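Right, one structure below, let's go through it.
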Amino acid sequence: MYFLLTISFLKFVGVTFAAPPLVEYPSKNEVTPYNFPFVTRSQWNARAPKQMLPLTTPVPYVVIHHSYTPGACATRPECIKAMQSMQNFHMDDRDWWDIGYNYAVGGDGAAYEGRGWDSLGAHALHFNSISIGICVIGDWRFQLPPAQQLKTVQSLIAAGVKLGRISSEYKLIGHRQVRDTECPGDALFNEIKKWDKYADYPSCRDDLLSMPEVPEKTKDVIRGNSTYDF
Ligand SMILES: [Zn+2]
């Protein structure tokens, strides 16, 4: 009785009790190998993926995206909310297995773990099996992300190379180079064109048919001869 009264009192003065998470995440204090702020799946309370397929690494390509919606986030709580909304949208509306991107980077300068280095993404149709997809959270059609956000994108790519998940000879492209989309936005696209390792090939989806890195089964899908693809 006294206990219940105490709880009522605390509620009365504005203290609320959060429901405990369904899964005990041991990684709240996880040490990451990164020299920039890094937020693990458990730290942004990611839902478990419905399914996973391994990604063969090191991948030869890095694909840059913007989120468009949700818009830019500036603080850890805002960026966590953006991650959760993207994951919910991809899993519930698109019926994908998980958030599509391998990683996302927020305006708070932190990298957020999506599918990670070793799991096949769903971010660039026909190109997922040979790339890591990084989403720069925000709408970057007309303005550039904050300098810190761009710096973390570059540091994350460098970390991927160091960890052997991205080829040291990798090529950097924007999503629009493999699909008819305005992603990653004109402003961001013009920015990454200046980055080390940017490649202007492929420049459109049809170029994928001439690329040795693209698996034959994927080329068959592009030609319209098969529906199997990831
Ligand atoms: Zn995109």
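Where a number appears in this text, it was derived from the coordinates with a stated rule and is not lab data. Keep in mind that this is a model prediction, so the values were computed, not measured. Glycine gets a Cβ as well: all are built from the backbone with ideal geometry, and neighbour counts include every protein chain shown.
Sort by residue number and name the cysteines in the chain that have no neighbouring cysteine Cβ under 4.7 Å.
Result for the chain is C135, C183, C204, no neighbouring Cys Cβ within the cutoff.
Starting from the Cα-Cα distance between D95 and T57, subtract it from 0.36 nm times their residue separation and give me the gain in nm to one decimal. Write out the running numbers ahead of the final one.
Working: separation 38, 0.36 × 38 = 13.68 nm, distance 2.55 nm.
Stretched out fully, the D95 to T57 stretch lengthens by 11.1 nm.
Round to the nearest 10 and give me the degree value, 0 to 90, for the angle of helix 147-162's Cα axis relative to the longest principal axis of the chain.
70
DSSP loop (so not H, G, I, E, B), at most 14 other Cβ within 10 Å: list which trypsin sites (Lys or Arg not before Pro) in the stretch 185-223 pass both filters.
On the way: sites: K193, K194, K197, R205, K217, K219, R223; in loops: K193, K194, K197.
Sparse-neighbourhood loop trypsin sites (Lys or Arg not before Pro): K193, K194.
Give me the three principal axis extents of the chain from the C-alpha atoms, as integers in angstrom, largest value leading.
Taking max minus min along each principal axis of the Cα atoms, the chain gives 74, 38, 31 Å.
How high is the FRET efficiency between K81 and D220 when r is their beta carbon distance and R₀ equals 35 Å, given to the nearest 0.05?
Plugging the Cβ-Cβ distance into 1/(1 + (r/R0)^6) gives 0.30.
Would you mind ranking Y228, Y198 by Cβ crowding within 10 Å, fewest neighbours first?
So the residues, fewest neighbours to most, are Y228, Y198.
Using the Kirkwood radius built from alpha carbon pairs, what does the Stokes-Einstein equation give as D for the stretch 46-170 at 10 °C and 1.306 mPa s, in µm² per second?
My calculation gives 110 µm²/s for D.
How big is the stretch 25-87 on each of its three principal axes, counting only the C-alpha atoms and giving the largest first in Å?
Principal-axis extents of the stretch 25-87 (Cα, largest first): 33, 32, 30 Å.
Going by alpha carbons, how many degrees (0 to 90, nearest 10) lie between the helix axis of 2-12 and the longest principal axis of the chain?
60
Based solely on its DSSP helices, what 222 nm [θ] is calculated for the chain when runs of n ≥ 4 H residues each add -39,500 (n - 2.57) and the sum is averaged over all residues, nearest 500 deg cm²/dmol? Walk me through the numbers on the way to the answer.
Working: 5 runs with 55 residues, N = 230.
Mean residue ellipticity, 222 nm, calculated: -7000 deg cm²/dmol.
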